[in-house]
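Below is one structure, written out as structure tokens; comments come after it.
Nothing in this text is a laboratory measurement; each read-out follows from the coordinates by a stated rule. Worth saying up front: this structure is predicted, and the values here are computed from it rather than measured. Glycine gets a Cβ as well: all are built from the backbone with ideal geometry, and neighbour counts include every protein chain shown.
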Amino acid sequence: MKASEIRKMTPEERLLKLNELRVELVKLRLQSRVGTLTNTARIRNVRRDIARILTVMREESIRERERVEEAKEGLAVEEEKQ
């Protein structure tokens, strides 16, 4: 999964995908311990997909916080002019 694909998702879709990937990771780890895992690289890919989703979510929360701060600064400047 690419970061551009993740950015196109809605926040709700991201959370759903994140939960699906976390469940899949648990299942893959269990298969690894039992010895039935055939594609060991899948664990690595799932971990990276989880990290990508969390990174995009963090980026958006930072952007939103910056927007709020800019709006507050704009209001403060407006109040000083009056």
Checked against (1) hydrophobic (A, V, I, L, M, F, W, C); (2) part of a helix (DSSP H, G or I); (3) surrounded by 11 or more Cβ atoms within 10 Å (Cβ to Cβ), residue 75 satisfies every condition except (3)
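State all residues of the range 17-44 that are surrounded by 15 or more Cβ atoms within 10 Å (Cβ to Cβ) and in a helix (DSSP H, G or I); if no residue qualifies, say none. Show your work before the answer.
So in the range 17-44, the residues surrounded by 15 or more Cβ atoms within 10 Å (Cβ to Cβ) come out as 17-18, 21, 24-25, 28, 31, 37, 42-43.
Within the range 17-44, 17, 18, 21, 24, 25, 28, 31, 42, 43 qualify.
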Inside the range 1-16, the number of residues satisfying the requirement of being out of contact with any helix residue (DSSP H, G or I) (no Cβ under 6 Å at 6 or more places or on another chain), surrounded by 13 or more Cβ atoms within 10 Å (Cβ to Cβ) and assigned to a helix (DSSP H, G or I) is 1
Checked the range 37-76 for anything more than 21 Å from the chain's Cα centre (by Cα) and charged (D, E, K, R); matches are 69, 70, 72, 73
